[in-house]
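Remarks on the structure that follows.
The values are calculated or read from the model by the stated rules, or taken from the named source; none is laboratory data. As the structure is a computational prediction, the values presented were derived from the model and not from experiment. Every residue, glycine among them, receives a Cβ derived from its backbone with ideal geometry; neighbour counts consider all protein chains shown. The accessibility values were calculated without ligands, DNA or RNA, using every heavy atom of the protein model including side chains. Shrake-Rupley method; radii C 1.70, N 1.55, O 1.52, S 1.80 Å.
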Amino acid sequence: MIREVIVVEGKSDVSAVRRAVDAEIVCTNGFSLDPRAITRIRAAQRRCGVIILTDPDTAGEQIRRRLVSLIGDRCKHARLQQADCTRPDGNIGVENASPDAIRDALERARPEKIPPRRQFKNVDLVRHGLTGTKNASHRRARLGELLGIGDNNARQLLRRLNHYDISRDEFDAAVAALDRERLER
């Protein structure tokens, strides 16, 4: 049972999350952001908290930002990796994710820290091969998976490292795991 209310985009997402966890779920109906749903989300935010779980695509990120602007920044963000919720036909969505992937994303849900820390800088990404190398995209995706912050380009990764209150120790441990994986291959 999850204490917070989980906010998803569509009815198919509700079904997928229900297969994974026992929780209260609110559907935004995509971009329409039903006013009754917003009222329920605001009430949940005050009483027990909210976890936003949107698709890992541009539309999902836009809905996530719009929700934060409507309900405030005191919510947690759960992020699925694109690889965990993409069908062979290219369709990306929470509804395609396995129950294990959904549970993992919810367990790793993090609040944004406002104002963000400025602990991580571009030099950290360069030093660890997360930008400027041929396999940087793969390393960023895997790091995002290990830290529970989703797939990222270099700019997004830097922003999320600082906004999601990731400690230097967490970052270093995840980078070390990346390096171990590379050596094991």
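Using C-alpha pairs under 8 Å with a sequence gap of at least 6, the mean separation divided by the residue count of the chain gives a relative contact order of 18 percent. Considering only alpha-carbon pairs that sit under 8 angstrom and 6 or more positions apart, the relative contact order computed for region 27-129 is 23 percent.
Extension gain, ARG65 to ARG42: 0.36 nm times the residue separation minus the Cα-Cα distance gives 6.8 nm.
Close Lys pairs in the chain, defined as Cα atoms under 30 Å apart and 8 or more places apart or on different chains, number 6. Taking 0.36 nm per residue of sequence separation and removing the Cα-Cα distance, the ASN122/GLU107 pair yields an extension gain of 2.6 nm.
Using the 1.4 Å probe convention, the accessible area of region 63-185 works out to 54 Å² per residue with neighbouring protein chains retained.
If you sort LEU106, LEU158 by accessible surface, 1.4 Å probe, largest first, the order is LEU158, LEU106. Taking 0.36 nm per residue of separation and subtracting the current Cα-Cα distance, fully stretching the chain between ARG3 and GLU184 would add 61.3 nm. What a 1.4 Å probe finds exposed on the chain is 49% carbon and sulfur by accessible area, rounded to a whole percent. Dividing the summed helix terms, -39500 (n - 2.57) for each DSSP H run of n ≥ 4, by the number of residues in the chain produces a 222 nm estimate of -15000 deg cm²/dmol to the nearest 500. Report the paramagnetic label zone for ASN91: residues of region 24-62 whose backbone N is under 16 Å from a point 7 Å from Cα along the Cα-to-Cβ axis. Once the point is set 7 Å along Cα→Cβ of ASN91, 30, 55-57 turn out to lie under 16 Å by backbone N, inside region 24-62.
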